[in-house]
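Colleague: One structure coming up, written as structure tokens, with questions to follow.
What follows draws every value from the coordinates through simple rules; no lab data is involved. Predicted model only: the values in this text are computed from it and were never measured. For neighbour counting, all protein chains shown are included, and Cβ atoms are generated from backbone atoms with ideal geometry for every residue, glycine included.
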Ligand SMILES: [Mn+2]
């Protein structure tokens, strides 16, 4: 088995996409992952805990792909399928880890930067001689035997779609819809800086394969539960500005979360509202988790802060403009500490320009 990591070649011709910017097309290592999985009969597909649209869309699209190729598929997520993603085609394919240890021929890990992000239960139950990974996190720790990691890709779903297109793997409307949700959500509705011409070219092919854009947009953007709106009201009222309005932050204690009756998935997106303020360069969200730890979510607007490097200091990671970490300590202590360090880092980079 030849498993190259981060090895890119120009593959314009295989997608027959003209690319005047000379963009690299991701997908060269897809064939190696494909080859590695070909011999496996029972395959487990997994992604990170507290899954987002990319983790789930990629998992379900990959499950359908491998099922169509005759493999026996199991798809697990530590936290299962959040209610707000129940519209995803094939959502019932995704389950939680079983009570007992299960044996597979291979595990395909998607959109997950480090092993512990898969969750304790999942890691305790899954056994396989071969682990392979497809991911776009710059902080990926390359913890599997075979890795295809492309930090320039805006979504794991885009890497999968590029791979399918390159290898001529049939994309059903259900697969296309899952891949579309993966890309649309992880690019912040095609807004973040890694959104490229290639993103739109691939998405055009997905739409031709059967995505109903209007219908799926309604599911993603216009189907929020009322409790999430109440949570946003709370978060906005408690927003603090520091470092000359360059940092906006807000927090949610466990007591407040219980009082508002929110689910873990409801907090996603609050931070983007803070980031939308002109003067703000960095947005931070502090959430007290049931285990007492504090989850930090961080968004950066430009290169004055490398969010992934900042979060790696606390044992977390992610992307340069969006990252997170889980930190021990009280909500107040962690918030004060992180905000002070953020201001320091910002000060250094802003004065060195
Ligand atoms: Mn992702």
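Colleague: When DSSP assigns beta bridges and you keep just the ones with both residues in segment 226-351, what percent turn out antiparallel, to the nearest 5?
Modeller: 75 percent
Colleague: With each label point set 7 Å from Cα along the Cα-Cβ vector, what nm distance links residue 100 and residue 259?
Modeller: Between residue 100 and residue 259, the label points sit 4.7 nm apart.
Colleague: Work out how much length residue 218 to residue 309 would gain on full extension: take 0.36 nm times their residue separation and subtract the Cα-Cα distance, in nm to one decimal. Let's see the in-between values first.
Modeller: Details: separation 91, 0.36 × 91 = 32.76 nm, distance 3.49 nm.
This chain segment gains 29.3 nm when fully extended.
Colleague: From the square roots a ≥ b ≥ c of the eigenvalues of the alpha-carbon gyration tensor of the chain, which class results: rounded (a/c under 1.5), prolate (a/b over b/c), or oblate? It would help to have the intermediate numbers written out before the result.
Modeller: Values: a/c = 1.62, a/b = 1.41, b/c = 1.15.
It is prolate, given that a/c is not under 1.5 and a/b is the larger ratio.
Colleague: Here's a follow-up. With the Cα gyration tensor of segment 286-353 in hand, give its eigenvalues times 5 under a square root as the equivalent ellipsoid semi-axes, listed largest first in whole angstrom.
Modeller: Working: eigenvalues 97, 34, 13 Å².
Sorted largest first and rounded, they come to 22, 13, 8 Å.
Colleague: Could you tell me what percent of the DSSP beta bridges with both partners in the chain are antiparallel, to the nearest 5?
Modeller: Working: 18 of 47 bridges.
Close to 40 percent.
Colleague: With label points built 7 Å along Cα→Cβ from the Cα atoms of residue 291 and residue 68, find their separation and express it in nm.
Modeller: Reported label-point gap for residue 291 and residue 68 is 3.7 nm.
Colleague: Right, another one. In whole angstrom, how far apart do the alpha carbon centroids of segment 324-353 and segment 192-255 sit?
Modeller: Result: 23 Å between the Cα centres.
Colleague: So how much slack lies between residue 341 and residue 208, counting 0.36 nm per residue of separation and subtracting their Cα-Cα distance, in nm?
Modeller: Roughly 43.2 nm would be gained on extension.
Colleague: Related question: What does the C-alpha gyration tensor say about the overall shape of segment 180-311? Classify as rounded when a/c is under 1.5, otherwise prolate if a/b is larger than b/c, or oblate.
Modeller: Oblate, since a/c reaches 1.5 and b/c is not below a/b.
Colleague: Rounded, prolate or oblate: which fits segment 12-220 when a ≥ b ≥ c are the square roots of the eigenvalues of the alpha-carbon gyration tensor, with rounded for a/c under 1.5 and prolate only if a/b beats b/c?
Modeller: Since a/c reaches 1.5 and a/b is larger than b/c, the shape of segment 12-220 is classed as prolate.
Colleague: Let me have the 222 nm mean residue ellipticity of the chain computed from DSSP H runs of 4+ only, each contributing -39500 (n - 2.57), with the sum over all residues rounded to the nearest 500.
Modeller: Calculated at 222 nm, the ellipticity per residue is -11500 deg cm²/dmol.
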